[in-house]
1. How would you order 83-90, 148-155, 115-122, 135-142 from highest to lowest mean count of nearby Cβ atoms within 10 Å?
2. Test of understanding: express the Cα radius of gyration of region 1-96 as a ratio to 2.2 N^0.38 Å, with N the residue count.
3. How would you rank 257-263, 209-215, 323-329, highest first, on the average number of other Cβ atoms within 10 Å across their residues?
4. What area, in nm² and to one decimal, does the C-alpha convex hull of region 282-337 cast on average over all directions?
5. For region 81-137, how big is Rg over Rh, using alpha carbon atoms and the Kirkwood form of Rh?
6. Could you work out the pair-distance distribution P(r) of the chain from its alpha-carbon pairs, with 10 angstrom bin width and percents rounded to whole numbers?
7. To the nearest 10 degrees, how steeply does helix 132-152 sit against the main Cα axis of the chain, on a 0 to 90 scale?
8. What translational D, rounded to a whole number of µm²/s, comes out for region 103-192 from Stokes-Einstein when the hydrodynamic radius is the Kirkwood one over Cα pairs, at 4 °C and 1.567 mPa s?
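Every number here is computed from the coordinates shown, using simple stated rules; none is lab data. Since this is a predicted model, take the numbers as computed values, not measurements. Ideal geometry is used to build each Cβ from the backbone, glycine not excepted, and the neighbour counts take in all protein chains shown.
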Amino acid sequence: MSATGSVEFRRESLAVEILDPRRGFRPAVSTLEIRQDPLTGLTARLIAPSGLLPRSDFDLAALAQQTAPTCPFCSSRIDEHVPRFPRTLIAEGRVRVGEAVLFPNLLPYSQYSAVSVYSPERHYLPLAEMTPALVSDNLATHVSFCRQAVLADPDARWASINANHMLPSGSSVFHPHLQGGVNPRPTNMQRLLAGVPPDRYEAYLESERRAGERFLGEIGDTVWVTAFAPLGFAEIRAFLPGVASPAELSPGQVTDLGTGVAAVLNFYADLGFESFNMAVYGAPPHTPGYPLNLRLVCRSNLQPLYRSDTAWLDKLHWEPTSDVSPEELAERARGRF
Ligand SMILES: [Zn+2]
């Protein structure tokens, strides 16, 4: 970081020459870029656009029809099929806001592990039909859950709100839902993000605002950008300065966040995608200078024998790779925030 309060967007371009069989073995040069995230220092690779994450004409409505008759999250089954929290944690056993319902995960990934459906009535909910109200109400169930978990167990201070949406993202249940975790320990990414000095977050957001090429806009207190060094395809990030944990979100801030997430999901639908991951990374409540922040990435589309978008670079080198330019992505997404 420089003395003027800006961060450096480090990028290195590599030129690679091959003798190309598609052109009679004449020399051909491709370029790729290695970029460094100004916050975490993690590097990522951007390769030339090559259709690594293809659109698909998969019939999502047909899969919805096929999976609905046995779905545990649908309104006719949810009351009997999903667990309840012990009364010492959540007095009512489950959390309801608007159409959304939150309940414990049968298979816990966290000390306090929750699943929440946007609505038991909406087994089929394509990304184009996500609305600010559906997303905000679903996020609000997690805010309530996080608050009650922290109250019941002051050691469980690391909260996150996440999504696996459709099979390629890791979801095992078709019915659209979010997942939350509250833990006594951070995940690796929570630890990394919480270790970033507060003035670097300020400088980063200021630098993105000034540069403009990845800046998408603001909704209330939330700031939206495309990731400079993305962790996945078509990554969009948001930051909410002044709030460290989901447990601290006001109703207005939940609406701002939900409005932005719905805009991203509608945008993903326009790009031709139906599967995504999301993480809202909380730090312990009242952590000074930490801005609550989230990342959203597209995943491979549903289709038989699809190609995974996670390969050796991502999985085993922790070097995320994509062929979507953050600057071109921002150009297409701007105007929605
Ligand atoms: Zn269902």
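1. Taking the mean over residues of other Cβ atoms within 10 Å, the ranking is 135-142, 115-122, 148-155, 83-90.
2. Normalised Cα radius of gyration, region 1-96: 2.09.
3. 257-263, 323-329, 209-215
4. 7.0
5. Here Rg/Rh amounts to 1.01.
6. All Cα pairs considered, the percentages come to 6, 25, 33, 24, 9, 3, 1, 0.
7. 70
8. Rounded, D is 94 µm²/s.
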